[in-house]
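What follows is one structure encoded as structure tokens, with my remarks underneath.
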Amino acid sequence: MSKYLIQGSYTAEGIKGLIKDGGTSRSEAVAKLASAVGGSLESIHFSATKPDYFIVMQLPEKGSAAALAATVIGSGTITVASVTELLTPAQMDETVKKIPSFRAPGS
């Protein structure tokens, strides 16, 4: 499983729903959505400015992240500004071991 940071905003209609149902209800809905693709919600946070929300979740792979983004964007009440795969320090250690040699232009 990989960890993802998802950021985005609500449309005017989405904000009306958030006001009506509350943040806890949104957290439950996002947890259910993550579970539907084999993932889990780690945290959800809201902001008073754009972007409106920040979600951290564990997902099996990038296709699951893309499916979730398409689902919420398709609702017309939420936008997804970015989906970022997050690396742990150990994963970064493995990544830097793979850096190939490179000759920059002009060198």
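I'd like the full set of residues that are out of contact with any Asp or Glu (no Cβ under 9 Å at 6 or more places or on another chain), charged (D, E, K, R) and either under 16 Å from Glu85 (Cβ atoms) or surrounded by 15 or more Cβ atoms within 10 Å (Cβ to Cβ) (or both), limited to segment 1-31. Residue satisfying the conditions is Arg26 alone.
In this structure, does Thr71 turn out to be surrounded by 13 or more Cβ atoms within 10 Å (Cβ to Cβ), more than 18 Å from Lys3 (Cα to Cα), among the polar types (S, T, N, Q) and free of Cβ contacts under 8 Å to residues at least 40 places away in the same chain? Yes: the conditions hold for Thr71. Kindly establish whether Ala34 is buried (at least 18 other Cβ atoms within 10 Å of the Cβ) and without any contact (Cβ under 8 Å) to a residue 40 or more places away in the chain. Judged against the criteria, Ala34 is a match.
Only one entry of Ser101, Ser82 meets the criterion of being part of a strand (DSSP E or B) and of a type in the set (Gly, Ala, Ser), and that entry is Ser82.
Bear in mind these aren't lab numbers, they're just calculated from the coordinates by the rules spelled out. This is a predicted model, so every value here is computed, not measured. All Cβ positions, even for glycine, are placed from backbone atoms using ideal geometry, and neighbour counts span all protein chains on display.
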